[in-house]
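What follows is a single structure, written as structure tokens, with notes after it.
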Amino acid sequence: MRGRTSRFLLPPWWFAAPALLVYAVVVLYPSGAGVVYAFTDWTGIGDWSFVGFDNFTKLWSDDAARGSLINTLLLTVAIVVVQNGMGLLLALGVHARIRSRSLLRVIFFAPAVVSPVMVAFLWKYVYNPDPGEGLNGLLGAVGLGSWRQDWLGDPDLALWSVAFMVVWQFAGYSMVIFLAGLESVPDNLHEAAMIDGAGRWQRFRHVTWPLLAPAVTVNVMLSTIGGLKLFDQVYAATNGGPGYASETLSTVLYKQAFVYGNYGYSTAIALVLALFVAAVSLVQVHFLRGREVTIT
Amino acid sequence: MIVVAVAFLFPVYALVTLSLKDPRQIAASPLGPPTSPTFENFGSAWERASFGTALLNSTVITAVSVAILIAVGSFAAYVIARWQTRLGYGLYVLFLLGIVLPFQLGMIPLFTMVDDAGLLGTYQGMIIFYTGIQLPFTIFLYTGFIRALPSDYADAALIDGAGHLRAFSQVVFPLLRPITGTVLILNAVFIWNDFFTPLLYLGGSDRETIPVRIFSFVGQYVSDYGLVFAGLVLAALPILAIFLVLQKYVIKGFSSGLKG
């Protein structure tokens with residue numbers, strides 16, 4: 001019977017019809033239209049005409065937009081590296097603690113379920129420039145007053161402050177995925193390595209790390225795509241400022257559309273963002289999957 | 001580890017203590033523990049942010065969207081998983097495309113469509129949006145699960161004379177429970193916390209969800225920390241409470257559901 005399933009046993013095609021309809025109306029058609037509008041000077045009112053690649057050359061010559069492209073990439077790299085690095089350290093630390101493991105896991109993961117906008121407002125207070133408030137107040141209290149900064153108001157710092165706030169919220173998320181990976185490493189592999197005289201670091205490097213590869217793939221992919229698309233936190237914490245110092249592709253395309261009414265230009269920026277996300281997904285699936293090993 | 005956890009909790013400490021202080025206490029000692037805790041901030045934040053309405057809006061939009069996603073998504077995934085033909089595979093790839101596409105690409109065309117249909121500021125507009133935008137991910141999770149499930153149970157029901165609708169709803173769907181839990185949790189958390197689209201579609205209307213409401217509330221009372229933080233605590237409490245009760249399932253959903 002297998003491989004030649006009788007037609008009568010297959011579900012009818014219309015089971016998929018409602019999903020296909022909603023998906024076409026909400027995603028496929030608008031995205032297709034977006035690709036077309038990216039090559040026009042559409043403003044939402046009146047006629048529009050095709051302008052070739054003008055929107056894309058404008059993106060490169062427009063300081064705010066080019067800066068936002070660079071900011072988006074810097075922000076994404078910072079988030080991917082720090083969030084996953086911290087996530088891995090937390091996972092190793094939490095995994096080693098048998099008794100407090102589940103409590104620590106809940107504490108570190110909790111911020112990930114809260115709305116990013118609310119986390120941004122909370123951190124806006126933590127980053128308060130006033131020397132007695134928030135992080136500055138804490139630094140003063142522990143005698144590190146000279147480290148005080150205007151965390152979100154200093155153009156050289158704003159982007160990194162936003163990145164750290166994102167890391168704080170989602171490091172626990174990365175940790176949870178690494179923990180699931182760690183739990184899949186069989187104890188007998190560690191024991192065998194220990195009997196063979198492998199030290200802590202060697203066991204991590206040659207036993208744990210290769211087996212964590214699937215968790216690394218998932219984590220790197222999630223944080224890269226999340227970083228590229230980042231909007232809520234930036235919009236709520238700095239709104240791209242000071243100046244254009246923390247502007248990202250998402251905040252620029254939002255402003256171009258809903259503040260300036262440049263619909264064509266805004267969709268062109270969205271198309272660039274889409275190409276980045278697609279390229280990153282393909283590259284990561286291709287390369288990171290290659291180093292995954294399985295236990296047989 | 002304990003030190004790390006304490007440092008990690010500093011923002012939460014600031015959030016909770018400030019929300020319990022009146023302006024005078026905040027001015028005297030912003031970071032110290034509250035000397036005489038007051039719950040006044042919560043009452044006035046609830047009232048001034050029209051928090052009750054926002055809570056209702058968020059609940060309706062999240063619950064209805066997730067229910068539709070589960071129904072529509074599991075049906076479609078059943079067809080995709082069982083039709084091991086080029087057509088079934090083509091459908092699968094078509095839906096997967098939606099996971100990669102950032103929704104900003106279709107943002108403006110969709111916004112004008114929703115506007116033309118008169119659905120700005122309505123529950124329906126948001127629910128249709130979430131159903132469409134979260135379907136790819138939902139179908140991806142369901143398809144993977146159904147593919148690994150033997151078809152014998154449904155086959156037996158069909159041979160015994162049940163229709164496809166009945167075979168699916170009474171035999172297959174109950175078997176999908178573990179993945180339905182994951183789908184429910186991941187979609188509910190995403191929809192509950194989403195900000196960008198509700199800001200566009202609902203901003204200024206009386207259908208604003210919690211993140212949008214809190215956004216304008218904070219903008220309005222920005223200098224009154226106690227009040228603002230009480231608002232943030234109120235806004236975070238419902239989802240944190242649910243998380244604490246269901247933590248095992250939530251963490252499992254987040255860590256397993258995303259492994260392709």
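Coordinate-derived values only; no laboratory data. Just so it is clear, the model here is predicted, and its values are computed rather than measured. With ideal geometry, Cβ positions are generated from the backbone for all residues, glycine too; neighbour counts draw on all protein chains shown.
The table below gives the values:
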| quantity | calculated |
| --- | --- |
| Pair list, Cβ under 6 Å, 6 or more apart: region B:1-21 residue facing chain A (nearest Cβ under 7 Å), other residue crowded, with 20+ Cβ neighbours inside 10 Å | B:11/A:122; B:11/A:126; B:15/A:122; B:15/B:229 |
| Cβ pairs under 7 Å, 6+ apart, first in region A:128-155 and touching a residue at least 12 places away in the same chain (Cβ under 8 Å), second β-branched (Val, Ile, Thr) | A:135/A:126; A:152/A:238 |
| Test: residue in region B:99-118 that is facing chain A (nearest Cβ under 8 Å), under 19 Å from residue B:189 (Cα atoms), out of contact with any strand residue (DSSP E or B) (no Cβ under 6 Å at 6 or more places or on another chain) and not in a helix (DSSP H, G or I) | yes |
| Selected residue [acidic (Asp, Glu), touching a residue at least 12 places away in the same chain (Cβ under 8 Å), out of contact with any His (no Cβ under 7 Å at 6 or more places or on another chain) and exposed (fewer than 15 other Cβ atoms within 10 Å of the Cβ)] from A:63, A:54 | A:63 |
| Test: residue B:244 is surrounded by fewer than 15 Cβ atoms within 10 Å (Cβ to Cβ) and within 8 Å of chain A (Cβ to nearest Cβ) | yes |
| Hits in region B:168-182 (condition: surrounded by 15 or more Cβ atoms within 10 Å (Cβ to Cβ) and either within 21 Å of residue B:134 (Cβ to Cβ) or touching a residue at least 40 places away in the same chain (Cβ under 8 Å) (or both)) | B:168, B:172, B:173, B:176, B:179, B:180, B:181, B:182 |
| Search result, residues across region B:190-249 that are farther than 23 Å from residue B:64 by Cα, hydroxyl-bearing (Ser, Thr, Tyr) and assigned to a helix (DSSP H, G or I) | B:216, B:225 |
| Selection status of residue B:232, crowded, with 18+ Cβ neighbours inside 10 Å and within 29 Å of residue B:111 (Cβ to Cβ) | yes |
| Only one of A:185, A:167 that is closer than 20 Å to residue A:118 by Cβ and not hydroxyl-bearing (Ser, Thr, Tyr) | A:167 |
| Unique residue being buried (at least 20 other Cβ atoms within 10 Å of the Cβ), more than 10 Å from chain B (Cβ to nearest Cβ) and part of a helix (DSSP H, G or I) when the list is A:163, A:192 | A:163 |
